[in-house]
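These notes are about the structure you will find just below.
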Amino acid sequence: MTGRRLSPLLASVTAAVAGASLLTGCGVLPGTTGGSREPVTVMTWAPDQTRATNMPGMPAMAQAYARWVNAEGGIDGHELRVLTCNEENTPAGAAACARRAVREKAVAVVGSYSQNGRAFMAPLEAAGIPYIGGYGITEDEFTSSLSYPVNGGLAALIAGHGMQLAESCRKVSLVRPDTLAGDQLPGLLDAGLKKGSKRGAVDIPAVEDATEYTAQAARARERAGSKDGCVAAVLGERTQTFFDSFRRLPQSAGGAQAEDGEEARVRISSILGSVGQPVIDRTGGARSPFEGAFVTGWYPEADDKSWEPMRRVIKEHAFADNRVDPTDTGVQTTWIAYTVLKKVIESLDSDTVTASDITEALDRGTRVDTGGLTPPLRWMYEDLLGAPDFPRIVNHEVTFQVVRKGRLVAQKPGFVDVGPTVTAHR
């Protein structure tokens, strides 16, 4: 999902203030009495201004986090320096960001988004740099021994979404990207549907960056079939475009009729990251086409009190940077990833922090409490889910949400464990 752009003047002022806050005192942090501990440099990357999914809020959240911890004296006395990089939604862009992280001696890549796992993971692995709290979009994030995911990735979301839809939908059409990552989604959704003894979904691949989806929308509605059919779309930023095409279909298009002869009532659904509160707000709030939609997420709904610390930091340290939306799943993931980084550095209690120090601390069992945003996180062998395609998953819980009166709210309280469903998927 794309954040609104800052004006050139406001962007330059924000960048200047951010730079000043990171560099104040020639290495001595505001609020500290000394400067003996070395700064810690990390990187956060995400695509921006591309034709597909953009996540500008993630690097912006990382910068706000740095301003906050540095104003408080740093992380265990270490100034936090955050490098940002536009990954550009390309393998070349992802590899370039990873090489820059190596070149500038980053000790970790934190809270980042990329669909190009093979391109960025190899340079990081060669340099021994851990990848903490990536968005969870690629297979490599759940197979590399240097990746420490904070959520269950797309695998958990899609498997959970199948479980959520199985409770209400007789038939399901899945519209998903015609990509390698997209090819995994039908099997995961079907695993969730079968958990509720429902038949598998109709698989409808679509171009990820198309400008309209009329043909796919018509097919999806037709194949969802009779009353209580559901159309699930997982197209990242283009999900909104798909549902715009969907709502523009003539009522007679597709010819889907309920068993009682009435026009079929087809319910729509998606996952957080493809649909979220910012998209719902932009498309009309309570009058949005997403009203009533089922949505599966990794974390509690955006209004949950567990997010209050993040909201306070955004309010005080993101200034007027409207890229940092507290309801954005990318922003939320970045907050959790930096929570992990902070805990790990504090556990080291050392004047210097290296990439290998962070990796060793994570591997030997540093436990991170995220304040209820996730289950407690730890990455020891016994904590890993061990699913064949996703062995590095440690958090396999999701939340079921629904859009009511223009707000994403909990459909049922608490988390739902999808670990067995992900493990059973073929």
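The values are calculated or read from the model by the stated rules, or taken from the named source; none is laboratory data. None of the values given here were measured: they were computed from a predicted structure. Glycine gets a Cβ as well: all are built from the backbone with ideal geometry, and neighbour counts include every protein chain shown. These area figures cover heavy atoms from the full protein model, side chains too; ligands, DNA and RNA do not enter into them. Shrake-Rupley method; radii C 1.70, N 1.55, O 1.52, S 1.80 Å.
Calculated from the alpha-carbon coordinates, region 331-426 shows an Rg and a Dmax of 16.2, 51 Å respectively.
About its Cα centre, region 266-311 has a charge dipole of approximately 160 debye under the convention of +1 per Lys or Arg Cβ and -1 per Asp or Glu Cβ, with nothing else charged. GNM on the chain, alpha-carbon springs under 10 angstrom: the most fluctuating residue among THR354, THR399, THR334 is THR354. Think of a 1.4 Å ball rolled over the protein heavy atoms: the chain then has 40 Å² of accessible area per residue.
Think of region 38-160 as a dipole: +1 on every Lys or Arg Cβ, -1 on every Asp or Glu Cβ, centred on the Cα centre; then among MET121, TYR65, PRO149, MET121 lies furthest on the positive end.
A Cβ-based charge dipole, computed about the Cα centre of region 315-365 with Lys and Arg at +1 and Asp and Glu at -1, lands at about 160 debye. If you count Lys pairs in region 279-426 whose Cα atoms are under 27 Å apart, skipping same-chain pairs closer than 8 places in sequence, the total is 8.
Taken about its Cα centre, the chain carries a charge dipole of about 940 debye when Lys and Arg each add +1 at the Cβ and Asp and Glu each add -1 at the Cβ. Converting phi to 3J(HN,Hα) with the Karplus coefficients 6.51, -1.76 and 1.60 and the offset θ = phi - 60°, region 80-89 yields 9, 10, 10, 8, 10, 8, 7, 6, 6, 6 Hz in sequence order, with x at every glycine or proline. Which loop-located trypsin sites (Lys or Arg not before Pro) does region 331-385 contain, where loop means any DSSP state but H, G, I, E or B and the Cβ has at most 13 other Cβ atoms within 10 Å? Those that pass, being in a loop and sparsely packed, are ARG364, ARG367. Taking label points 7 Å from Cα along the Cα-to-Cβ direction, ALA122 and ASP303 give a separation of 4.8 nm.
When the chain is described by a simple charge dipole with +1 on each Lys and Arg Cβ and -1 on each Asp and Glu Cβ, the residue from THR41, PRO130, PHE246 located farthest towards its positive end is PHE246. With Rh defined as the Kirkwood radius, the inverse of the mean 1/r over Cα pairs, the Rg/Rh of region 314-378 is 1.05. Once C-alpha pairs closer than 8 Å and six or more residues apart are averaged by separation and normalised to the residue number of the chain, the relative contact order reads 19 percent.
The simple spin-label model puts a point 7 Å past each Cα toward its Cβ; for ALA92 and SER197 those points are separated by 5.5 nm. For the peptides 266-275, 308-317, the ranking by packing is 266-275, 308-317, with the highest mean count of neighbouring Cβ atoms within 10 Å listed first.
Surface composition of the chain: carbon and sulfur make up 50 percent of the accessible area, probe 1.4 Å. Give the residue from HIS425, GLY330, VAL402 lying farthest towards the positive end of the charge dipole for region 295-426; charges sit on Cβ (+1 for Lys and Arg, -1 for Asp and Glu) and the dipole is referred to the Cα centre. Ranked along the dipole, the leading option is VAL402. For region 49-110, the relative contact order is 27 percent, taking Cα pairs closer than 8 Å that sit 6 or more residues apart in sequence and dividing their mean separation by the residue count.
By the Cα gyration tensor, region 91-169 has an equivalent ellipsoid whose semi-axes, rounded to whole angstrom, run 29, 11, 9 from largest to smallest.
First obtain the Kirkwood hydrodynamic radius of region 112-224 from its Cα pairs, then insert it into the Stokes-Einstein equation at 37 °C and 0.692 mPa s, and state the resulting D in µm² per second as a whole number. Estimated diffusion coefficient is 213 µm²/s.
So what does the Cα-only Debye profile of region 284-354 read at q = 0.12, 0.19, 0.22 Å⁻¹, as log10 I(q)/I(0), no solvent term? Normalising to I(0) and taking log10 leaves -0.47, -0.94, -1.09. Here is how the number arises for the chain: DSSP H runs of 4 or more residues each give -39500 (n - 2.57), the sum is divided by the residue count, and the result at 222 nm is -11000 deg cm²/dmol.
Restricting to Cα atoms and excluding each atom paired with itself, what does the Kirkwood estimate give for the chain in Å? Please list the in-between numbers first.
Values: mean 1/r = 0.0457 Å⁻¹.
That comes to 21.9 Å for the chain.
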